[in-house]
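As structure tokens, the structure follows; a few thoughts come after it.
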Amino acid sequence: MRIILIGFMGVGKTSVGRLLSKKLEFDFIDMDLEIEKSQKLSISEIFNIYGESYFRNLEKNLLRDLLKKDNLVISTGGGVVASKENIEILKGEENVIFLDAREETIIKNVSNDSNKRPLLEKDLESSIHKLLKYRYENYIKCCNYIVNVDFKNIEDIVKIIESEVL
Ligand code: S3P
């Protein structure tokens, strides 16, 4: 079994994925961390030095590799649904969970470390609004389950996934 967490920046994909994998005794891969390790650069450095399309290519190749594995929880980056090919691949998966949140929740969660997220501009609210508007239907297109994370802590979200999805 493979569980793939998708959703916008700041919805808790990494923390939820890590705890869920522990409970299930599955391996855990956070795609951004994996890319940072392989490139020996932070995500911001990769964007600054090589540009977004280079990063998207690394992300696409990594997703393909990971989908060959089993007993795994994968936390994707928020932009994994920016590629049509990724959407098609994710549609073929059985357990794609969309962690959904209101814009207010996202703004609150990313405001402390927005400098680590190269696609967010100084005007956080409007950049989140623009990106989310364009991506929302893509998250919906490729997920099998939607879990709303507003006002919930990581434990609560994992419990919902365990009871409703697994
Ligand atoms: C991105 C989200 C980030 C990271 C990169 C691009 C996006 O991941 O992959 O900065 O396009 O939404 P998180 O969703 O883990 O912040």
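The values are calculated or read from the model by the stated rules, or taken from the named source; none is laboratory data. It should be emphasised that the depicted structure is a prediction, and the values quoted were computed from it without experimental measurement. When we count neighbours, we look across all protein chains shown, and the Cβ atoms used for this are built from the backbone with ideal geometry, even at glycine. Only protein heavy atoms, including side chains, enter the accessible area calculation; ligands, DNA and RNA are left aside. Shrake-Rupley method; radii C 1.70, N 1.55, O 1.52, S 1.80 Å.
For this structure, a couple of remarks:
- Residues (in contact with a helix residue (DSSP H, G or I) (Cβ under 7 Å, 6 or more places away or on another chain), open to solvent by 40 Å² or more (accessible area, probe 1.4 Å), of a type outside the set (Asp, Glu) and in a helix (DSSP H, G or I)) located in the stretch 117-137: His129
- Annotation: of all residues in the stretch 30-41 being open to solvent by 40 Å² or more (accessible area, probe 1.4 Å) and either closer than 24 Å to Glu88 by Cα or at pLDDT below 95 (or both), the one that is farthest from the ligand (Cβ to nearest atom) is Glu34.
- Residue list for the stretch 42-66, restricted to those being open to solvent by less than 40 Å² (accessible area, probe 1.4 Å) and out of contact with any helix residue (DSSP H, G or I) (no Cβ under 7 Å at 6 or more places or on another chain): Gly51, Leu66
- Scanning the stretch 119-141 for residues that are within 13 Å of the ligand (Cβ to nearest atom) and among the acidic types (Asp, Glu) yields a single hit, Glu121.
- Val80 closer than 22 Å to Tyr145 by Cα, away from the ligand (no atom under 12 Å from the Cβ) and among the β-branched types (Val, Ile, Thr): no
- Residues (closer than 22 Å to Arg2 by Cβ and either in contact with a Ser or Thr (Cβ under 7 Å, 6 or more places away or on another chain) or of a type in the set (Phe, Trp, Tyr) (or both)) located in the stretch 118-148: Tyr139, Tyr145
- Within the stretch 47-58, residues that are without any contact (Cβ under 8 Å) to a residue 24 or more places away in the chain and farther than 13 Å from Leu119 by Cα reach partners that are more than 10 Å from the ligand (Cβ to nearest atom) and outside any helix (DSSP H, G or I) with beta carbons closer than 9 Å, at six or more positions or on different chains, in the pairs Ile49/Leu41; Tyr50/Leu41.
- Selection of the stretch 13-29 for residues being surrounded by fewer than 23 Cβ atoms within 10 Å (Cβ to Cβ) and within 8 Å of the chain's Cα centre (by Cα) yields only Thr14.
- Asn115 vs. criteria in contact with a Gly (Cβ under 7 Å, 6 or more places away or on another chain) and either of a type in the set (Lys, Arg) or touching a residue at least 12 places away in the same chain (Cβ under 8 Å) (or both): no
- Residues that are touching a Lys or Arg at 6+ places or on another chain (Cβ under 9 Å), in a helix (DSSP H, G or I) and at pLDDT 95 or above within the stretch 83-116 comprise Glu85, Asn86, Ile87, Ile89, Leu90, Lys91, listed in sequence order.
- Residue in the stretch 74-81 that is surrounded by 13 or more Cβ atoms within 10 Å (Cβ to Cβ) and either aromatic (Phe, Trp, Tyr) or at pLDDT below 95 (or both) present: no
- Check on Asp100, open to solvent by 40 Å² or more (accessible area, probe 1.4 Å) and either under 26 Å from Glu137 (Cβ atoms) or free of Cβ contacts under 8 Å to residues at least 40 places away in the same chain (or both): no
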